[in-house]
Amino acid sequence: MLLVGINPGVRSAQTGHHFAGPTNRFWGLLYEAGVIPEPITHEGDVRLPEWGLGMTNLVARPSPGIDDLRPVEYLEGWKILERKVEKYRPQIVAFVGVTMYRALWRVLGHTEAPAIVPGFQHATVHGARLFVLPNPSGRNAHFSYDDMLNAFRALARAMRSLPDPDVSARRPGGRSIAGASSTGSAGAAAGRSRRAAGTPARTPPSTPAAGPSRTATRKRSGSRS
């Protein structure tokens, strides 16, 4: 599975780790929901490939808030993300934030704006099913913590239903998505972000969700923390 944040927050850009903001609930939700088997903080994001997870951002540019992002940045980020999905073939792509899906519904093949609720969406990308999670930022007043936890638990259940990935993908020298995350954050942020972006590659795609499938556009991508 590939987790996709919106863009790096200021703290994430400073530390070089995903979802590093002090009020962000992302890492606690991952563990409490059962997506990962051990509690970690943002500094442990490099361990995600151990559990078949990768992480990247839709937009590489750090910002204090997502309101600073321009619509064109979402679309340019999508071109990059779509190429990553095509290359590494995760079975699930999980958008961490409803805002992303709302910004991309046209390029995802919808003919009119869909009603977006957390969970699987009616679109696939190169065989990967799209899942939307609430943004776990402390600023998000649209979802309670229980609502967020329920969405993360649904994602954990979906992961458990997937076929086991090729074990060789996790061995030294095994193919992974490491190095595929966006390089938009400066200095050490970019280097560590690349290591955190690993996901076992070349697993067979899951059965597509009903709805449009996108195999369009070409280019590259960039979490909100």
Taking 0.36 nm per residue of separation and subtracting the Cα-Cα distance, what length does fully extending residue 164 through residue 43 add?
40.9 nm
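Once you charge only the Cβ atoms, +1 for Lys and Arg and -1 for Asp and Glu, what is the size of the charge dipole of the range 16-117 about its Cα centre, to the nearest 20 debye?
That gives a dipole near 320 debye.
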Give me the 1.4 Å probe accessible area per residue for the range 98-154, excluding ligands and nucleic acids, in Å².
47 Å²
So which trypsin sites (Lys or Arg not before Pro) in the range 50-156 end up in coil per DSSP with only 14 or fewer other C-beta atoms within 10 Å?
106, 139
Using 0.36 nm times the number of residues separating residue 50 and residue 146, minus their current alpha carbon distance, what extension gain do you get?
31.8 nm
Stretched fully, the stretch from residue 31 through residue 113 gains (0.36 nm per residue minus C-alpha distance, one decimal, in nm) 26.3 nm
Based on the Cα atoms of the range 6-150, what semi-axes does the equivalent ellipsoid have, where each is the square root of 5 times one gyration tensor eigenvalue, given in whole Å with the largest first?
22, 18, 17
Charge context of residue 71, other residues only, Cβ under 14 angstrom, K/R +1, D/E -1:
+1
Modelled FRET efficiency - R0 35 Å, residue 157 with residue 14, Cβ distances, 0.05 increments
0.50
Write down Rg/Rh for the range 55-96, rounded to two decimals, with Rg from the C-alpha atoms and Rh from the Kirkwood relation over Cα pairs.
1.00
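The values are calculated or read from the model by the stated rules, or taken from the named source; none is laboratory data. Given the structure is predicted, the values throughout are model-derived calculations rather than measurements. Neighbour counts run over all protein chains shown; Cβ positions are idealised from the backbone, glycine included. Note: areas computed on protein heavy atoms with side chains; ligands, DNA, RNA excluded. Shrake-Rupley method; radii C 1.70, N 1.55, O 1.52, S 1.80 Å.
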